[in-house]
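For reference, the structure is listed below as structure tokens.
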Amino acid sequence: MQVKTDSDSLMTQSFLTTSEVAAYLRLKERKVYDLVRQGQIPCTKVTGKLLFPRQAVDLWLLNHMEGDQHTSRPIPPVLAGSNDPLLDWALREANADLAMLCHGSGDGVRLLLEGRAMAAGLHLVDRATGEYNKPLRWGLGGMRDLVLIHWARRQQGLLLAPGNPQGIHRVRDLAGGKVVVVRRQPEAGADTLFNLLLDRDGVDPRGLREAPGRALSEDDLALDIREGRADCGLAVEAAGRRHGLDFIPLHMEHFDIAMRRRSFFEPSIQNLLRFAATERFRERARTMGGYDISALGRVVYNA
């Protein structure tokens, strides 16, 4: 499956020429051209010249060396884990043919390990180190074919009713039970981050005045605030903009997509990454707000 990108994306990747990739793979150049014609090796064409993304070639090589991509049981075309407004939109526009089953990063890890999801969106922060999506920390260290593809850095912060009637300006203002806070489910990466932010500001979570129940998505959280059931909650800037809410930025986080190596070459994943290289996608990210997509598609972990 060919991985196509554009000149803006080239700055974030290392590329091989046809002769270099032939030497790297110990193949004749004619064989490389055959693989390109068959759509079997990741490549891109820039000003008429074939270039091969080094990271994608490494994934392709390891996938073929393992020799298990056709013998393992099929993985359902499901994207699990955390939801992301930009990712949700891109999946629909790219015709990626992935069903969404987003119930939090922790649930995505479980479904990925069980082979019940092709990919999982993760934004899991380690409260001790501040690092994101470390496989050993979150139970994924045993997956010998695990790959993490970077999606975006996202601005997380407090969503507030328009005009900020409660005068909330920082996390410390949530203490004392004066404002109603709506929270995400414990499996969500946003709740892990919220606990980290409370700890950093010295706020005891037991002293919060919480809205009844937990919001199962960012849209649910935003609607609770918009409709007056809560005063604030933690979510990405894009969710606040979509629902016309005020927003206080607090933290830039990493959102990655975890999958098995063989899943990286599935048409659904390739269609998504190909669409994410377009100007239309970049314009949408700018409109939504709170996204840094400069490293989108970079392999951040390869078991």
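Each peptide among 255-266, 154-165 gets the average number of other Cβ atoms lying within 10 Å of its residues, and from highest to lowest they stand as 255-266, 154-165. For the chain, the fraction of 1.4 Å probe accessible surface lying on carbon and sulfur atoms is 49 percent. Per-residue Karplus couplings for the stretch 37-51, computed as 6.51 cos²θ - 1.76 cosθ + 1.60 with θ equal to phi - 60°, are listed in order as 4, 7, x, 9, 10, x, 7, 9, 10, 10, 6, x, 10, 6, 10 Hz, Gly and Pro entered as x. Annotation: amide H of Ala215 within the under-5 Å range of Arg183, Arg184, Gln185, sequence separation 5 or more or interchain, hydrogens built in the peptide plane. Rolling a 1.4 angstrom probe over the protein heavy atoms with all chains in place gives the chain an accessible area of 46 Å² per residue.
Compute the FRET efficiency between Gln40 and Arg280 as 1/(1 + (r/R0)^6), taking r as their Cβ-Cβ distance and R0 = 25 Å, and round to the nearest 0.05.
Details: r = 28 Å, r/R0 = 1.11.
The value I calculate is 0.35.
Note: relative contact order over the chain, using C-alpha pairs below 8 Å and six or more positions apart, is 25 percent.
Give the peptides 295-301, 215-221 in descending order of average Cβ contacts within 10 Å, highest first. Please list the in-between numbers first.
On the way: 295-301: 18.3, 215-221: 21.4.
Going from most to least packed, we get 215-221, 295-301.
Each Cα pair under 8 Å and six or more residues apart adds its separation to the average, and for the stretch 57-207 the resulting relative contact order is 22 percent. Each of Pro74, Met288, Gly228 was scored by the projection of its Cα onto the charge dipole of the chain, and the greatest displacement toward the positive side belongs to Pro74; charges sit on the C-beta of Lys, Arg, Asp and Glu.
In terms of packing, defined here as the mean over residues of other Cβ atoms within 10 angstrom, the peptides 44-57, 101-114 line up highest first as 101-114, 44-57. Computed on the stretch 183-303, the Cα convex hull volume stands at 143 Å³ per residue. Relative to the Cα centre, the charge distribution of the chain, modelled as +1 at Lys and Arg Cβ and -1 at Asp and Glu Cβ, gives a dipole magnitude of about 700 debye. Computed from backbone phi, the HN-Hα couplings of the stretch 286-295 come to 5, 5, 5, x, x, 10, 10, 10, 5, 10 Hz, rounded to whole numbers (Karplus: 6.51 cos²θ - 1.76 cosθ + 1.60, θ = phi - 60°; Gly and Pro given as x). In order along the stretch 180-192, the phi-based Karplus estimate (6.51 cos²θ - 1.76 cosθ + 1.60, θ = phi - 60°) of 3J(HN,Hα) comes to 8, 10, 9, 10, 7, 5, x, 6, 7, x, 5, 6, 4 Hz; Gly and Pro are listed as x.
The values are calculated or read from the model by the stated rules, or taken from the named source; none is laboratory data. This structure is a prediction, so every number in the text was calculated from the model and none was measured. So basically every Cβ, Gly included, is an ideal-geometry build from the backbone, and we count neighbours across all protein chains shown. Ligands, DNA and RNA are excluded from the accessible area calculation, which covers all protein heavy atoms including side chains. Shrake-Rupley method; radii C 1.70, N 1.55, O 1.52, S 1.80 Å.
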